[in-house]
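> Questions regarding the structure given below will be posed in turn.
We did not get these values from a lab; they are worked out from the coordinates using the rules stated. Keep in mind it's a predicted model, so treat the numbers as computed, not measured. Don't worry about glycine lacking a Cβ; one is built from the backbone with ideal geometry, like all the others, and counts go over all protein chains shown.
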Amino acid sequence: MVDQDLTARSAESGHEVSDINPKRVAMVGLALATVIALALLVTYGLFHYFYSGETRTRPLPSPLSYSREPTPEPRLSVEPGEELKTLRSEEDAMLKSYGWIDRDKGVVRIPIDRAIEILAERGLPVRAAKSAPAADQNLQRRKEETKR
């Protein structure tokens, strides 16, 4: 009999009347919002209390500390493209110019194009003649070892 009465009231109102009470849902939502607001206020108060306590016990900064400290290494590149162009131009200048590397020992730097020309004229350096028989002896020993 109770079920028939609920069914009739549900049909008249257009929704289930026995499942939920909108006033209670609103009260729970209001209570939840109040708890959240109180938690935020308590948290803010604690942070303010601890921050002020920390700043009171901190020693005064030295008058010498007002200068800006240098940025620690490695520093970020502000214009990496420009720095690369500068590096390439310095490298090209060294590759295309004459200069001393060690004056005492007579070591000089020549342009790379000239070095290529000299290498083409003279050829690559070869080993001395006395190392050739040693290579032949090593080759003969290997042949003998493979026969065994």
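> Calculated FRET efficiency, Arg68 and Phe47, Cβ-Cβ r, R0 22 Å, to nearest 0.05? Before the final figure, lay out the partial values.
Values: r = 29 Å, r/R0 = 1.32.
So the FRET efficiency works out to roughly 0.15.
> If packing is taken as the mean number of other Cβ atoms within 10 Å per residue, what is the order of 34-44, 53-63, highest first? It would help to have the intermediate numbers written out before the result.
Values: 34-44: 10.0, 53-63: 7.4.
Output ranking for 34-44, 53-63: 34-44, 53-63.
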